[in-house]
Each structure stands twice: as C-alpha cells, then as structure tokens.
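To start, the structure itself, in structure tokens.
Just so it is clear, none of the values below were taken in a lab; they were calculated from the coordinates. Bear in mind the structure is a predicted one, so any value in this text is a computation, not a measurement. Quick reminder, even Gly has a Cβ in these numbers, built from the backbone with ideal geometry, and neighbours come from all protein chains shown.
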Number of protein chains: 2
Amino acid sequence: MEEREISQAVIGRLPRYHRYLGELMADGVERISSNELSKRMKVTASQIRQDLNNFGGFGQQGYGYNVKYLYNEIGKILGLDQIHNMIIIGTGNLGQALANYAAFGDRGFILKGLFDVNPRLQGVAIRGVQVRLMDELEDFLKKNQIEIAVLTIPKTKALEVANTLVNNGVRAIWNFAHIDLNLPEDVIVENVHLSESLMKLSYNISRYNGEHEKN
Amino acid sequence: MEEREISQAVIGRLPRYHRYLGELMADGVERISSNELSKRMKVTASQIRQDLNNFGGFGQQGYGYNVKYLYNEIGKILGLDQIHNMIIIGTGNLGQALANYAAFGDRGFILKGLFDVNPRLQGVAIRGVQVRLMDELEDFLKKNQIEIAVLTIPKTKALEVANTLVNNGVRAIWNFAHIDLNLPEDVIVENVHLSESLMKLSYNISRYNGEHEKN
DNA sequence: TAGATTGTTAATCGATTAACAATC
DNA sequence: TAGATTGTTAATCGATTAACAATC
C-alpha cells in the first residue's frame, strides 16, 4: 500500500480549481476542457491535467471534464464533504472576523466555541456561540470533540495554548499568531502570517520602483 | 543594466528570516552563522546563504552574520525602511481587525483612510482614522497619495473597486476578496485567500486520516 | 469514422542541496 | 597561523511543460 506523497504545491492549487469550478457551475457551464480552464485561470492545461491525475482520472477523452462532478470530487479531496468541529481562541478583531465569516459553515467547518482571556467578553455571543474564558478551555475540550482550533492570540501565548490544545485532542491548528509552532509531527499547522504577506507586497512595490538594482 | 529576477520563492522566505533575526536581536544575540540559523529555522544552511546572496554578501567568512545588520538589510530589501500610505476598503470585521493591527504602523505602513458602504459606520474612528463612505473614495484618492489599498469587501464588488483604485494611482492591492483581480501588469496584487488556506488545512487532516488512498 | 481531448510519458526548466575554494 | 564560515559553483532533485498515443 505504498502511497506517494502529493506535493504541497499541488494541494495549494486545488482550492483555486475548486473556486473556478464553483463559478462555472454558478454560470451554468456543464463541461470544460483543460484547455479552456487553463485560459481562464492563467495556468497551463498541462498543469491542470497533471494535478488532477494525482487523484485519478476525472475527465473523458474528447469531452473534457464535467464541471459539477469535478467540483464535487475536488471538494471531497479537500475534505469539504466532512464535518469539522472548530473553535476560535482569541476573540479580538480577527477572531471575531473569522467567527462571523459564515461561509465556513457552508463548507462543513462548524464553530463550536469561542475563547478569550478578557472577562468583559465572557458570555457575549457571536453567531449564536458564546465567548468563554480561557480557564474553561481544557474542560471544554474534554467534553467536546474538536478537530480544528483557530489561533488568533498574541504570539507570546500561542505556543503554550497550542500545547494545551494538542494535549486535549485537537488535530489541526489554523495559526494566525506570528510564530512558528513547533508541535508533534502529526499535528497539522496551517499558518497565516499576515505581516509576512504584507512584506511580500512591499517588496514587490520596491522592485517595481527599481530599488533592487545591484551596483 | 540587465537584472535577473529574484524568484518569489526566495521573496517568500525573506519575511521569515526577518522575523527570526528580530527575535535573535531581542534576545541580545549579536552574530549567527548560517548553520545555527538553519537549525532554528529548520531550513538548510545552503538555502539561507543562497537566498541572501541574491542580494549581496552580508556575511563574513569565519564569523557569520551580524544579526542587527542583516535584520536591517533584509528590512531594506523588503521596503520596510520606506513609508507606505495605505487605505482599507471595507470596514467590516476583517477590515477593522487589520486597521487595529498597530504593528503595521511600526513597519512604515501608515493607515490614511477607511472606507465602507455602510452609512452607519460613517464618522466612526478606528485608531484615529474615521470611516468614510465609498462615494468619497475617488476624491480622496485624488487628494492623497495612496500606495497600498487593502480590499476587505465581498468579491462581487472587488474588481470594480480595484479598477477605481488603480485608475487613481494606487500601486498595490492587498486582496482579501475571494476573487482573482485581473489588473494591469504593473499593479502589485498580494492575495490572502483565507478560505483556500482553510481548505489546505482540511486536506491535510484528511490525508492523516488516510482518506486519500487510491484503490 | 473523424475530431477532440484526456491521461501519461518524456523533456525541460528551475529550485534546492552539496561541496569546496576563498577568506576572514 | 589554524579554524570557522562564507560566497559560489556544481550536482541533484522536483516541479512544470511539452508531446503524443490512447480513447471517448
């Protein structure tokens, strides 16, 4: 049962395929060839076919791909057909923004709890989920099966909290803290480092200004 | 003056070097070798040296790198020594979260304006910057030199607003809308597609559950 | 059947790693 | 000077693209 790893480069492109296929579906398009999709997405048709064939043959020669079918299949590959129980740690601006982002629920990411250190937030409810204090976290985790935790807290507390999460069964962390969490190998960490994203933007501005000439 | 492009793979790593060097500085570390940094960051020493040497020789044989100097040099490469005037379009939860993120200011990203369609937000101030209605946007852009616009609005309006921005001198867009903005080549777009990030997380959970076996 | 388009193998390209001479 | 470590060239690895036979 030797299984070749699929590269993160490929995985990183799947959500974008999924998005485009969703749009095509909404536009009532029934089928699409790799060539036409390639034009819309500005990637090569070759890459699309290679990427998809990591997971199986979803198309048909001479026809192309059925949009709805491919959309669903990619959804399954991404685990969007499953329910994922989720909590958010840190109910500041960013935590609230994510809590309010209803679209996550549509994709099977169910918000089960909100936590914060600030007692003034205690009992406040966002989308029907009330904010709990951090000292309730461990107990809550023992009583509820939580798969994903969203970390929107300052980096100083992030590692400590992450360890608590992992020790109580959390399998995956969506990390917005500006720190690399060093956790056991089997814990999935997906980082969103906003300041690093802004720095890349900044670099590219300077590049266009010609500030990177070597002399 | 032929200039070889530096790959986005390299650029993508610079902010992380910068972050680690900042931490080393805070810890009072004066110098570091590529080898020791490689252990901390879990990348190869070779990659660190190759990456840095795209921009010049910042180290010294037999000594390593001066932490503070390298931190500053990478900061310059990333354009963090420059002032970048910035506005945020869409003052919902996410827009507010970003507006409140004070650390951006420290790095030279100055919040000059906030805009929203919702009249109830008009005049509300966040960090001393008041929210304006969208119909003031064009006039505001003509009167102020804005380099970066943060787009935290629904995807339906994003492209239209982006065009207005670009037509009025905005050079770079930090795009949080779930859409690919097709803009002129010289406009820098840095996408933060949160739902795609969450899908990657989700894929990796399923992968660990062994749900991706081919049979 | 003829045309279209996939799935897949082979070729190319680029990025990462290894090795080592230069030099502090 | 001897030891350490860079800067840089060469080797390897992996990802992307091209090509085309298989097949709907």
Order of A:SER7, A:SER38 under a 10 Å beta carbon neighbour criterion, fewest first: A:SER7, A:SER38
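Residue by residue through B:99-112, how many Cβ atoms from other chains fall within 10 Å of the Cβ on average? The partial results should precede the final answer.
On the way: counts 1, 3, 6, 0, 4, 3, 0, 1, 4, 1, 5, 0, 0, 0.
Per residue, the number of nearby Cβ atoms from other chains is 2 on average.
Other chains near B:67-80: what is the mean number of their Cβ atoms within 10 Å of each residue's Cβ?
On the way: counts 0, 0, 0, 0, 0, 0, 0, 1, 2, 3, 7, 10, 11, 5.
If you average over the peptide's residues, the count of other-chain Cβ atoms is 3.
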Suppose every K and R has +1 on its Cβ and every D and E has -1 on its Cβ; what is the size of the dipole of the protein assembly as shown about the Cα centre, in Debye to the nearest 20? 220
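Arranged from highest to lowest average of other beta-carbon atoms within 10 Å per residue, in what order do the peptides A:110-116, A:197-203 appear?
Values: A:110-116: 20.4, A:197-203: 23.9.
Going from most to least packed, we get A:197-203, A:110-116.
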Using Cα-Cα distances under 8 Å and only pairs 6 or more residues apart, what relative contact order does segment B:8-77 have, in percent? 42
State, as an integer percentage, the relative contact order of chain B based on alpha-carbon contacts under 8 Å between residues 6 or more apart. 13
Using a 7 Å Cα-to-Cβ projection, B:GLU185 label spacings across copies, nm, ascending: 4.6
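Compute the orientation-averaged projected area for the protein assembly as shown from the convex hull of its Cα atoms and round it to one decimal in nm².
Working: hull surface 96.9 nm².
Computing the convex hull of the Cα atoms and averaging its projections yields 24.2 nm².
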Please give the calculated 222 nm ellipticity per residue for chain A, where each DSSP H segment of at least 4 residues contributes -39500 (n - 2.57) and the sum is spread over every residue; nearest 500 deg cm²/dmol? -13000 deg cm²/dmol
Pairs over 30 Å Cα to Cα, from A:LYS42/B:LYS68; A:LYS112/A:LYS157; A:LYS200/B:LYS68, come to A:LYS42/B:LYS68
I'd like the antiparallel share, as a percent to the nearest 5, of DSSP beta bridges with both residues in chain A. 20
Among DSSP bridges having both ends in segment B:84-196, what percentage is antiparallel? Round to the nearest 5. 10
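In the protein assembly as shown, what percentage of the DSSP-assigned beta bridges are antiparallel, given to the nearest 5? Mind showing how you got there, number by number?
Details: 12 of 54 bridges.
In the protein assembly as shown, DSSP labels about 20 percent of beta bridges as antiparallel.
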Listing B:THR44, A:THR152 from the residue with the fewest other Cβ atoms within 10 Å to the one with the most, what is the order? B:THR44, A:THR152
Which angle from 0 to 90°, rounded to the nearest 10, does the C-alpha axis of helix B:194-208 make with the longest principal axis of chain B? 50
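For segment B:84-196, with only Lys/Arg (+1) and Asp/Glu (-1) charged at the beta-carbon, what is the dipole magnitude about the Cα centre, in debye rounded to 20?
On the way: 10 positive and 13 negative charges, 83 e Å.
The dipole of segment B:84-196 has a size of about 400 debye.
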Segment A:84-196: relative contact order from alpha carbon pairs under 8 Å, six or more residues apart, as a whole percent, is 24
Closest approach to the axis - chain B beta-carbon, rotation onto A, Å: B:ALA97, 2
